[in-house]
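All of the numbers you see were taken from the coordinates with simple rules; none came from a lab. All values derive from a computational prediction rather than experimental measurement. Methodologically, a virtual Cβ is constructed for each residue, glycine included, from the backbone with ideal geometry; neighbour enumeration extends over all protein chains shown.
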Amino acid sequence: MSPVLPRERLIVAIANLLDGVRHVAVGASSPIPAAGAMLRRALAEAADAPRVRISILGSVAHNFFTNGSAELFDCAGQGRIDAFFLGGGQIDGEANINLVGIGDYPQTKVRWPGSFGSAYLYFVVPRVILFREEHSPRVFVEKVDFVSAPGTSPEGVHRTGGPHALLTGMGQFSFDRERRRFRLTSVHPGHTLESIKAATGFAFDHDPVAAMTADPDARVLALLRGRVLDELAETYPEFARGLSAELAA
Amino acid sequence: MSTVLTLDAMARRVKPGMKLALPVDYAGVSMAMTRPLIAHGAGRLHVVCLPTGGMQPDMLIGAGLVETIETSAMTLGEAGGAPCFARAIAAGSIRIVDSTCPAVHAGFLAAQKGVPFATLRGLIGTDILAHRPDWKVIDNPFSETPDPIVAIPAIRPDVAIFHAPVADRDGNVWIGRRRELASLAYASEQTLVTVERIVDESLLSDERTAAGVIPALYVEAVAVAREGAKPLGLWGEYGPDMMEVARYAREARSEAGFRAFLDGADHALEAAR
């Protein structure tokens, strides 16, 4: 079997973070989270575990909503969605995310699309996975320029959801909501604690010697390269083709 | 009974300064109306996107017709950022009213029900809320303990424009499961719909289509526009032409490029006529 690709590692990491969910939703233009959710569903089926439902926005085959684009939010508000993914042009050390822009609002010098549903979903989805492949000081900043959605909320504010983990191209972090700090939990092969520190604009907790991200076993990899890539091709044909080509090379 | 109009006559229903509501790119955008709206030239528009905006509002911004854009995002999807929007933000030539998807839905829902506001969780502690003086944090009157919650005022557009597969002779419009199109129609003063085709048999006569119909009661006028969502897609009919959307993303990066894109489309239209 060909060696594990970096993107496959991210897909497997997401599937692991989704262990135990009943319903996971995936936003538009998110092939890696979508693949991770599909892998979790396949793993649950193989283990005879409770069924995992997936709602992939932008997909026809993997989306059962019939009440327009409001249904995702209604569903989340009732606690019917266990996990969701958010990214950010900027993410800071307290897990605040910025999807709006850099500089003084509203005439920001860089303008990104906007906050989408983040200002709501971050509050009401229990397991929000922050996912950003690019791991650099311009993304992981000390303090975001604009808070699209805050990592934590003061006592008394309705908050049933929030950040569960941060996954990047270099490593994986957990988030402590009490202390409002990330903790590095594993380093992907090819990177080190030192290189991650250099690429991160905020301070984070870590063990003296950081653990390496484990390789997926052959069974998981076979599911990913078979069934999951087939399912993914419906929504993300380009991505699925690219990954297949990389595996064949 | 709704009126059947030409696209140009439909565009003339839009007056300067109106609040214009448009759907998200995948729900059924009446791209066929974009050119007539630009040719008509009613400006100072307040465009509200349910819940995000793409190519059509970007082109209206590029044409200088938009004073305010109220949306939770502006994006061309896989083709990248919305170029005219980005240029207008950098120049400070447009007022941006940032929102979040469910807040836009909440505003439309309040209008649909004829109530002054709807409440929404989340938002507290965001810079979105900090820049929305029209939103109020109120205390949940049913809670024993303090429970702040955000009140979103009703969004009542003057006009909504979208594209759907089919209407009947009475002006009933079939929207299937794209319920955000119903939200647009319920909340707006007048709703203008372009369709792929008009059928003779009433869409209400078959229960299987009736459940997905907006009755003519909410529809001011209908116009036929074959492939009227292109280059965007229309669910159940055709997919988006991402090459064409990407070409727009590329060419509209400069003011001159955007004008050239419009001119090129004009020549193509003339050639087709």
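Here are the numbers for the structure shown:
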item	result
Using a Förster distance of 45 Å, the FRET efficiency for B:Asn140-B:Arg95 (Cβ separation, nearest 0.05)	0.90
Helical segments meeting 20 Å axial Cα length and Kyte-Doolittle -0.5 threshold in chain B (DSSP H)	B:255-272
Unit charges on C-beta of K, R, D, E only; dipole of segment B:49-116, Debye	120 debye
Largest-first ellipsoid semi-axes for segment A:84-214, taking √(5λ) over the Cα gyration tensor eigenvalues, angstrom	24, 18, 12
Near-label residues of segment A:95-130 by backbone N, under 11 Å of a point 7 Å along Cα→Cβ of A:Arg179	none
Average silhouette area of the protein assembly as shown, convex hull of alpha-carbon atoms, in square nanometres	25.9 nm²
Mean residue ellipticity (222 nm) of chain A, computed from DSSP H runs ≥ 4 via -39,500 (n - 2.57), nearest 500	-8500 deg cm²/dmol
Among B:Phe85, B:Phe142, B:Phe117, residue whose mean-square fluctuation peaks in a GNM of chain B (springs only between Cα atoms under 10 Å)	B:Phe142
Neighbour net charge for B:Gly62 - beta-carbon separation under 11 angstrom, K R +1, D E -1	0
Shielding score for B:116-122, defined as the mean number of other chain Cβ atoms within 10 Å	5
For peptides B:219-226, B:23-30, sequence by mean Cβ density within 10 Å, most packed first	B:23-30, B:219-226
Radius 14 Å from Cβ of B:Pro83, net charge of other residues (Lys, Arg +1; Asp, Glu -1)	+3
Top positive-direction residue, dipole computed over chain A with Cβ charges, set A:Ser55, A:Leu247, A:His206	A:Ser55
Taking segment A:70-146 and dividing mean pair separation by its residue count, relative contact order in percent (alpha carbons under 8 Å, at least six apart)	44 percent
Peptide B:89-101, shielding by other chains (average Cβ, 10 Å cutoff)	5
Computed E for A:Asp207/A:Arg138 - FRET, C-beta separation, R0 30 angstrom, nearest 0.05	0.65
Other protein chain Cβ atoms within 10 Å, averaged over every residue that makes up A:76-83	1
FRET efficiency, B:Leu204 to A:Glu155 (Cβ-Cβ, R0 60 Å, nearest 0.05)	0.70
Ordering of A:177-189, A:160-172, A:203-215 by packing [mean C-beta count within 10 Å, highest first]	A:160-172, A:177-189, A:203-215
Helix-derived mean residue ellipticity, 222 nm - over chain B, DSSP H n ≥ 4, -39500 (n - 2.57), to 500	-9000 deg cm²/dmol
Cα-projected label distance for A:Asp104 with A:Ala218, points at 7 Å along beta-carbon direction, nm	6.3 nm
For chain A, built as a Gaussian network whose Cα springs stay under 10 Å, the top-fluctuating residue of A:Ala199, A:Ala218, A:Ala44	A:Ala218
Only Lys, Arg (+1) and Asp, Glu (-1) charged, at Cβ; segment A:84-214 dipole about Cα centre in debye	180 debye
Contact order relative to length of chain A, as percent, for alpha carbon pairs under 8 angstrom and 6 or more apart	18 percent
Approximate spin-label separation B:Glu189-A:Met1, in nm, with each point projected 7 Å along Cα-to-Cβ	6.4 nm
Kirkwood-Stokes translational diffusion coefficient of chain A, alpha-carbon pairs, 10 °C, 1.306 mPa s, µm²/s	85 µm²/s
Highest-fluctuation residue, A:Tyr105, A:Tyr236, A:Tyr120 considered, GNM on chain A with Cα pairs under 10 Å	A:Tyr105
